[in-house]
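First comes the structure, then the notes that go with it.
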Amino acid sequence: MEKQPFDIGVALDRIEQAVQPWPKAALFQLAEEGYTSTFEQLLACIISIRTYDEVTLPVSRKLFARARLPAEVARLTWEELDALISPGTFHERKANQILAIARDVHERFGATLPCDRDVLLSFAGVGPKCANLVLGVACGTPVISVDIHVHRVTGRWGYVNASTPEKTLVALENTLPQRYWIDINRLLVPFGKHICTGNRPKCSTCPVLDMCRQVGVDEHR
């Protein structure tokens, strides 16, 4: 197949339609359900680290049914919090992190955690990926959050050429029009899970096959 020039706007429009049958990425789904505060999104992102969305969603809902504000979470005991998030990975460590964050936010900011990247990154256990995702979903700040799906898919397209997610972030910041910075994560997470998969991607049903360079794809369906 002769490949067309890669048009990111066209690609994302097609992917928007293609991912309709699939569940949304966890933080975007939680935002649709009303969990839109910076604090809630930050806790959900911590819960999501090394955890499937299928676990992140019910665990986050269970926590927020019990406590949503910084003061409410800060009043939980470690045992109570650990029990609430225990289906997730590394829940003991995350319980420590979440309690420390809740107490810090309550003492410094009261009920509202500000949309400030430096503040988010100041918390133990919060890296650039989580900070950017929270800022994008909760605050509408134009930032790019690069997880393994965004890294793999944009590299496979040939849209960027970077060896790590961190380098992909820099490359996308230099290449991707800012109006797509939040949507790139929202769309490529379900796209990467269900179509442009890590092993044997479903190239025959891919909506952007005519533009994708299929970098590194040796076997596909």
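Residues checked against (1) closer than 30 Å to Gly198 by Cβ; (2) at pLDDT 95 or above; (3) crowded, with 17+ Cβ neighbours inside 10 Å:
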| residue | (1), (2), (3) |
| --- | --- |
| Glu79 | no, yes, no |
| Ser86 | yes, yes, no |
| His91 | yes, yes, yes |
| Ile98 | yes, yes, yes |
| Arg103 | no, yes, no |
| Phe109 | no, yes, no |
| Pro114 | no, yes, no |
| Val143 | yes, yes, yes |
Need the failing condition index for Lys3 against (1) at pLDDT below 95; (2) touching a Leu at 6+ places or on another chain (Cβ under 8 Å), just the number. (2)
Tell me, yes or no, whether region 115-138 has at least one residue that is among the basic types (Lys, Arg) and more than 29 Å from Pro70 (Cβ to Cβ). no
Take Val55 and tell me if it is buried (at least 19 other Cβ atoms within 10 Å of the Cβ) and within 22 Å of Trp22 (Cα to Cα). no
Please state which one of Arg200, Arg213 is in a loop (DSSP other than H, G, I, E, B), over 30 Å from Val73 (Cα atoms) and modelled with pLDDT under 95. Arg200
Counting only residues that are β-branched (Val, Ile, Thr) and either open to solvent by 10 Å² or more (accessible area, probe 1.4 Å) or not in a helix (DSSP H, G or I) (or both), region 39-52 contains a total of 2
Condition first: of a type in the set (Lys, Arg), in contact (Cβ under 8 Å) with a residue 12 or more places away in the chain and farther than 22 Å from Arg50 by Cβ. Now tell me which residues in region 64-96 satisfy that. Arg66, Arg68
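Conditions tested, residue by residue: (1) surrounded by fewer than 19 Cβ atoms within 10 Å (Cβ to Cβ); (2) in contact with a Pro (Cβ under 9 Å, 6 or more places away or on another chain).
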residue: Gly125; (1), (2): yes, no
residue: Leu169; (1), (2): no, yes
residue: Asn185; (1), (2): no, no
residue: Leu188; (1), (2): no, no
residue: Ile195; (1), (2): no, yes
residue: Asp218; (1), (2): yes, no
Within region 174-221, restricting to residues that are under 21 Å from the mean Cα position of the chain (by Cα) and among the small types (Gly, Ala, Ser), the one that is nearest to Leu30 (Cα to Cα) is Gly192
Cβ-Cβ under 6 Å, sequence separation 6+ or interchain: first residue in region 158-179 and farther than 16 Å from Phe6 by Cα, partner open to solvent by 40 Å² or more (accessible area, probe 1.4 Å). Which pairs? Gln178/Pro142
Criterion (on the phi > 0 side of the Ramachandran plot and hydrophobic (A, V, I, L, M, F, W, C)) met by exactly one of Phe64, Phe6, Phe90, Phe28: Phe90
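The values are calculated or read from the model by the stated rules, or taken from the named source; none is laboratory data. Keep in mind that this is a model prediction, so the values were computed, not measured. Here the Cβ is made from the backbone with ideal geometry for all residues, glycine too, and neighbour counts use every protein chain on show. For accessibility, only protein heavy atoms count, side chains too; no ligands or nucleic acids. Shrake-Rupley method; radii C 1.70, N 1.55, O 1.52, S 1.80 Å.
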